[in-house]
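Have a look at the structure below before the remarks.
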Amino acid sequence: MRISLAVVSREAKACDVCSAELPFKPRPIFLAKRAARLLIVGQAPGRLVHETGIPWNDPSGEVLRAWLGLDRDAFYDTSRIAIVPTGLCYPGTVDGADLPPCAECAPLWQPRFRAALPEIRLTLLVGSYAQAYYLRSSRKKTLGETVRAYRDYLPEFFPLPHPSWRNLLWLKRNPWFATRVIPALRRRVKAL
């Protein structure tokens, strides 16, 4: 059954299911066009993204674009790349750390967007929330083990750590990510 991306997008933009849990009025943030071949699924918009309405429009987005080997124009080319996080709205923070995405969001919107994006050939699962939703019991014991085993999830999924400054120590302790995973990621993205 063909699902209209226009309908899904309109309904997602109007969603207020989690409004009682959010610190601000809901502002669902995603980008998608039916022809996209790459889907990026992160966690939820941060404060800067909430303010601008542009996904990954923050320092984490700069790191992610560097990992992918894409400039801003290519990254935001919705004819090639769709961006739909597990949580569409900014969940707020506690002690400077972003709260998890609202639990209702991914089960409500991920299946609908996936069904409306028939050309997707690869889904990047950026961070533990995206991996938990999509990989479920096939995840390894840790995020690092899941990322290291990225080949196990191909060709459909490519798990990645979140490109946050909070993960700088993890990146330093896991140099294999930069030497093995990023080159493989860039090859996959370029092929799409």
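Couple of notes before you dig in:
- Solvent-accessible area per residue in the range 1-110 equals 49 Å², computed with a 1.4 angstrom probe and all protein chains kept.
- The slack in the chain from L171 to K33, taken as 0.36 nm per residue of separation less the alpha-carbon distance, amounts to 46.4 nm.
- At q = 0.14, 0.23 Å⁻¹ the log10 of I(q)/I(0) for the range 1-106 amounts to -0.55, -1.33, computed by Debye summation with a single uniform scatterer per C-alpha, solvent ignored.
- Percent of Cα pairs in the range 79-192 per distance bin of 10 Å, from zero to the largest separation: 12, 42, 37, 9, 0.
- Heavy-atom surface analysis with a 1.4 Å probe gives the range 81-192 a carbon and sulfur content of 54 percent of its accessible area.
- Which listed pairs, of K13/K140; K13/K141; K140/K172, have C-alpha distances above 29 Å, in listed order: K13/K140; K13/K141
- The modelled label-to-label distance for the pair K25/L154, using points 7 Å beyond Cα in the direction of Cβ, is 4.6 nm.
- In the context of the full set of protein chains, residues of the range 122-192 present 57 Å² of accessible surface per residue (probe radius 1.4 Å, heavy atoms only).
- From most to least packed by mean Cβ count within 10 Å, the peptides 4-10, 97-103 give 97-103, 4-10.
- FRET efficiency estimate (nearest 0.05) - Cβ-Cβ, R2 to D95, R0 35 angstrom: 0.20
- Separation between Cα centres of the range 146-192 and the range 81-95, rounded to whole Å: 20
- In a fully extended conformation the segment linking K140 and A191 would gain 15.7 nm over its present Cα-Cα distance, using 0.36 nm per residue.
- The GluC sites (Glu not before Pro) of the range 1-110 that DSSP puts in a loop, and whose beta carbon has at most 14 other beta carbons within 10 Å, are E104.
The values are calculated or read from the model by the stated rules, or taken from the named source; none is laboratory data. Since the model is a prediction, treat every value here as computed from it, not as a measurement. In this analysis, Cβ positions are derived from the backbone assuming ideal geometry, glycine residues included, and neighbour counts consider all displayed protein chains. In case anyone asks, the SASA skips ligands and DNA or RNA and just uses the protein heavy atoms, side chains included. Shrake-Rupley method; radii C 1.70, N 1.55, O 1.52, S 1.80 Å.
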